[in-house]
1. Quick check on my filter: what residues within region 52-77 are open to solvent by 30 Å² or more (accessible area, probe 1.4 Å) and of a type in the set (Val, Ile, Thr)?
2. Mind counting the residues in region 60-85 that are over 38 Å from the mean Cα position of the chain (by Cα) and among the β-branched types (Val, Ile, Thr)?
3. Does any residue of region 115-134 turn out to be at pLDDT 80 or above, among the hydroxyl-bearing types (Ser, Thr, Tyr), surrounded by 12 or more Cβ atoms within 10 Å (Cβ to Cβ) and in a helix (DSSP H, G or I)?
Amino acid sequence: MLKGFKDFILRGNVIELAIAVVIGSAFTALVTAFTTNIINPVIAAAGGMNADGLGFRIWENNPATLVNIGAVLTALVTFVITAAVVYFIFVAPMNKINSLVKNRLSTEEPEEEPLPADTALLAEIRDLLKEAAAHRAADRSSDLDSGLSTDLDSDRTR
């Protein structure tokens, strides 16, 4: 299942991404509250006593030069949680439903097993006998027709 999640993240299917955007924007408030109230304090504690949390300033006296690694980690956690929820709640079940529907719709007819050699030979003999009988019947009817026309010709001459 985690391989499927990895494929989902790396594939970039348009429909799945559209679902992710819609559901992700609805789910953002919950994830933001989780990261703001639980993840950020843990990251700030790991960063030390500095009020900047997990980050540093390029110029000590300039607050605009803050490189906030904690905010990037928070955004990453938000993305992974949102993507996981969308995948496991919506995409994985939808893929399972699609495969079940596809299997139901594509009912393949069972393949015919080949006839054993003796049965195939007997069937061939049968077909040849039918063909020979049909030829004999055709020959008899043509003989009858030619005999009938000869009788009619002889009656006319009388």
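The values are calculated or read from the model by the stated rules, or taken from the named source; none is laboratory data. Bear in mind the structure is a predicted one, so any value in this text is a computation, not a measurement. Every residue, glycine as well, gets a Cβ built from its backbone with ideal geometry; the counts of neighbours run over all protein chains shown. The area values use the complete protein model at the heavy-atom level, side chains included, leaving out ligands, DNA and RNA. Shrake-Rupley method; radii C 1.70, N 1.55, O 1.52, S 1.80 Å.
1. Within region 52-77, ILE58, VAL67, ILE69, VAL72, VAL77 meet the criteria.
2. 3
3. No, region 115-134 contains no residue that is at pLDDT 80 or above, among the hydroxyl-bearing types (Ser, Thr, Tyr), surrounded by 12 or more Cβ atoms within 10 Å (Cβ to Cβ) and in a helix (DSSP H, G or I).
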